[in-house]
Amino acid sequence: MGFESQVKEALGEHGEKNKGGATIERGIKQVDEQINHLKEIFDNPVYYAQCINILKEIDPPVINGNNKYIGRNKSMLCIWIDELKRRSFIKPCPDDIYAKLLNEALPGLNMTKDGSLFRKRSIRAEDFRKNIQVLLSQISQRGR
């Protein structure tokens with residue numbers, strides 16, 4: 001069963017009709033291709049390395065020079081993904097896909113498979129949102 005079919009099945013009768021009678025599916029936007037690596041969610045793969053480096057540059061860093069998770073607040077990764085989505089650096093995906101891709105790309109990270117951490121907010125992690133925004137803004141200004 002393809003992703004679009006799974007979304008339609010999950011939504012069932014929860015879809016809404018717009019004024020023209022077409023069904024509006026709420027919640028999850030479709031990602032057309034199969035995604036196997038974190039780099040593949042980036043709309044432009046050139047930005048992958050630059051955006052990963054943000055996780056090394058923030059203070060305290062989330063990953064080391066080898067992209068290994070170094071035991072900081074996992075919610076900082078959720079803030080990072082949230083800001084990447086907000087600035088259209090990455091494709092929209094369900095939370096469990098983000099969790100799976102992050103776990104695979106960052107050795108030592110063990111996010112829950114359902115991605116529930118993305119639906120929670122950490123006040124401590126929110127303190128780093130501004131830093132992430134500034135670093136993403138610099139990337140945007142250099143080449144978007």
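Listing for the model above:
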item: Condition check for residue 21: farther than 19 Å from residue 139 by Cβ, at pLDDT below 95, assigned to a helix (DSSP H, G or I) and outside the structural domain of residue 126 (by TED's automatic domain parsing); result: no
item: Residues of segment 70-97 classified as aromatic (Phe, Trp, Tyr) and more than 16 Å from residue 122 (Cβ to Cβ), total; result: 1
item: All positions within segment 67-88 that are over 18 Å from residue 56 (Cα atoms) and either of a type in the set (Asp, Glu) or over 8 Å from the mean Cα position of the chain (by Cα) (or both); result: 86, 87, 88
item: Every residue from segment 83-97 that is in a helix (DSSP H, G or I) and touching a residue at least 40 places away in the same chain (Cβ under 8 Å); result: 83, 84, 97
item: Residue list for segment 102-144, restricted to those being surrounded by 14 or more Cβ atoms within 10 Å (Cβ to Cβ), among the small types (Gly, Ala, Ser) and within 14 Å of the chain's Cα centre (by Cα); result: 105, 115
item: Qualifying residue in segment 100-111 (condition: in the same structural domain as residue 135 (by TED's automatic domain parsing), in contact with a Ser or Thr (Cβ under 9 Å, 6 or more places away or on another chain) and in a loop (DSSP other than H, G, I, E, B)); result: no
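The values are calculated or read from the model by the stated rules, or taken from the named source; none is laboratory data. Because the structure is a prediction, the values reported are computed rather than measured. Please note: Cβ atoms are built from the backbone with ideal geometry, for glycine as well, and neighbour counts cover all protein chains shown.
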